[in-house]
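Working notes, structure below.
The values are calculated or read from the model by the stated rules, or taken from the named source; none is laboratory data. Everything numeric here is computed off the predicted structure, so don't read it as measured data. Quick reminder, even Gly has a Cβ in these numbers, built from the backbone with ideal geometry, and neighbours come from all protein chains shown. Only protein heavy atoms, including side chains, enter the accessible area calculation; ligands, DNA and RNA are left aside. Shrake-Rupley method; radii C 1.70, N 1.55, O 1.52, S 1.80 Å.
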Amino acid sequence: MDKFRIIGGRPLEGRVQVSGAKNSALPCMAAALLTAETITLHNAPYVRDIITMRRLLEDLGSTVLVPELRTLKISAHKIELFEAPYDLVKTMRASVLALGPLLARFGQARVSMPGGCAIGQRPIDLHLHGFEKLGARVSLEGGDVVARAERLRGAEVYFDKVTVTGTENLMMAAALAEGMTTLFNAAREPEIVDLADLLNKMGGRIEGAGKSTITIEGVRELGGAEHTIIADRIETGTFIAAAAITGGHLDIVNCSPQHLAAVIDKFRETGVRIDQPNAFSLRVHKADHIGSADVTTLPHPGFPTDMQAQYMALMTMAEGTSIITETIFENRFMHASELLRMGARIRTSGRQAVIDGTGHLMGAKLLASDLRASASLVLAGLAAKGETVIDRVYHIDRGYEKIEEKLRAVGAKIERFR
Ligand code: EPU
């Protein structure tokens, strides 16, 4: 198993490039199942989850060509299987994104029911309820969700809770349904807008993506399209945190600052100076002093849960006390106990963490528990005195493209070893 060794205490300096958004590329890849024609995706990040999704599409019978690094040409003209098996769903929950497209195009889909994971229970009841509203029959057979329908019919779907992949699954299913679908209380994440853009290029008729009410006029068939995946806003935010926590100065390029207004705002509140030289880059200046600021995670456009762990790492180095309230997932403070081992002062209770910033961390041996928790440990390692060794970095490889190479190029002392 790979590990990272980090010697902390070096300010990062230079220019770092952001990759495509994993959480946008995954639904866009699943959307290729909606058509027999080829979908070409550019700027797909080279990360483990994308390789897993590629394997799922290939197992179903699609061909996936990679004419150049980060471009995927997906052709689902010959689908032979309509199921995502347990071994794939357990490694990547986003496999459930195959449900909507398979059901809409082939009238059947079987996906192993995802279990709880490191950050919470994460049920998919809202996806299933939505499919039922569109006329599907949904049942649980031997631990698998089985959905069947002749042709889906447009309907009004009210989400009890904002769900990102739920909104994506329903948008894809409704794109081929008969008639009009309206999604109320839909997720408004930039990844939803990116998927809607792709679906519309394929001949879909979707309006309102990015707002909480989305309307989808179903069409009989969707066709091929070419699309460039948006920049990863969470990777961007992680680099802002990396500059801030090391007292460094970074130019972050190929990003979309408009997608992380709440994150930029929060970092500024703590004293980090961030400029936006143009629409695609950010400049983080050396901060003389990091103050504390409370934060509550919320669905977009609020502060994203996927930045909570990284922000906590920064708060351990800040002056003063901060309170982090996690409202999206019920168990997303796994990084806190690892940060404690580095000398941080954190108390967690339910959905709240109280952090007394001490201004220093000590290197330690750490265990990564999930993707964003791993990122926070890397940040803490970069700021800590001495050596930090992080085990189970396969978690970080799921969603960050070559993070150690990107960090090394801007002055970090970080290496991967077995
Ligand atoms: N929920 C339900 N029922 C459902 C669906 C969701 O109760 O049917 C609950 C969840 O348990 C959670 C909340 O609703 O408490 C929000 O979950 P959501 O469905 O929005 O999460 P997701 O779609 O499974 C995506 C991202 C996550 C990100 C969340 C929240 C992808 C592939 N994953 O997950 O990304 O944290 O939205 O923004 O898009 C990550 O990249 O590290 C990651 C975990």
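Stokes-Einstein diffusion for segment 113-158 at 4 °C, viscosity 1.567 mPa s, with a Kirkwood radius from C-alpha pairs, works out to 111 µm²/s.
Normalised by 2.2 N^0.38 Å, where N counts its residues, the alpha-carbon radius of gyration of segment 224-361 equals 1.06. Rounded to the nearest 0.05, the FRET efficiency derived from the C-beta distance between THR71 and LEU340 at R0 = 35 Å is 0.20. When you count the other C-beta atoms within 10 angstrom of each residue and take the mean per peptide, 314-320, 98-104 line up highest first as 98-104, 314-320. Each other residue within a Cβ distance under 11 Å of ALA31 adds +1 if Lys or Arg and -1 if Asp or Glu, for a net charge of -1. Across THR91, THR215, the residue with the most accessible area heads the list, and the full order at a 1.4 Å probe is THR91, THR215. The mean sequence separation of alpha-carbon pairs under 8 Å and at least six residues apart, normalised by the residue count of the chain, gives a relative contact order of 21 percent.
Largest first, how would GLU326, GLU13, GLU338 line up by accessible area (1.4 Å probe)?
Result of the area sort, largest leading: GLU13, GLU338, GLU326.
Of the accessible area of segment 278-348, computed with a 1.4 Å probe over protein heavy atoms only, carbon and sulfur atoms account for 53 percent. The solvent-accessible area of MET362, taken with every protein chain present and a 1.4 Å probe, is close to 100 Å².
Based on the Kirkwood approach, the hydrodynamic radius assigned to segment 1-94 is 15.0 Å, with every pair of different Cα atoms included. Maximal additional length on extending the ARG416-GLN276 stretch stands at 47.2 nm, based on 0.36 nm per residue less the C-alpha distance. Oblate is the label for segment 74-146. Its Cα gyration tensor axes, ordered a ≥ b ≥ c, give a/c of at least 1.5 and b/c at or above a/b. Note on the chain: dipole from Cβ charges, positive end direction compared against ILE74, ALA174, GLY359; the farthest Cα belongs to GLY359.
Model label sites at SER212 and GLU178, defined 7 Å from Cα along the beta-carbon direction, differ in position by 3.3 nm. A Gaussian network model of the chain, with springs between Cα atoms under 10 Å, assigns the largest mean-square fluctuation among ASN43, ASN169, ASN278 to ASN278.
Qualifying trypsin sites (Lys or Arg not before Pro) in segment 139-187, where qualification requires a DSSP coil assignment and no more than 16 other C-beta atoms within 10 Å, comprise ARG151, LYS161. Full extension of the chain between GLU141 and ARG15 yields a length gain of 40.2 nm, computed as 0.36 nm times the residue separation minus the alpha carbon distance.
At q = 0.13, 0.21, 0.22 Å⁻¹ the log10 of I(q)/I(0) for segment 60-200 amounts to -0.57, -1.45, -1.53, computed by Debye summation with a single uniform scatterer per C-alpha, solvent ignored.
Scaled to the globular estimate 2.2 N^0.38 Å, the Cα spread of the chain, given as radius of gyration, is 0.98. Largest accessible area first, the residues MET307, MET113 order themselves as MET113, MET307 under a 1.4 Å probe with ligands, DNA and RNA left out. Considered as an equivalent ellipsoid built on the Cα gyration tensor, segment 131-201 has semi-axes of 21, 15, 12 Å, the largest given first. The heavy atoms of GLU132 present about 90 square angstrom of accessible area, all protein chains included, probe 1.4 Å.
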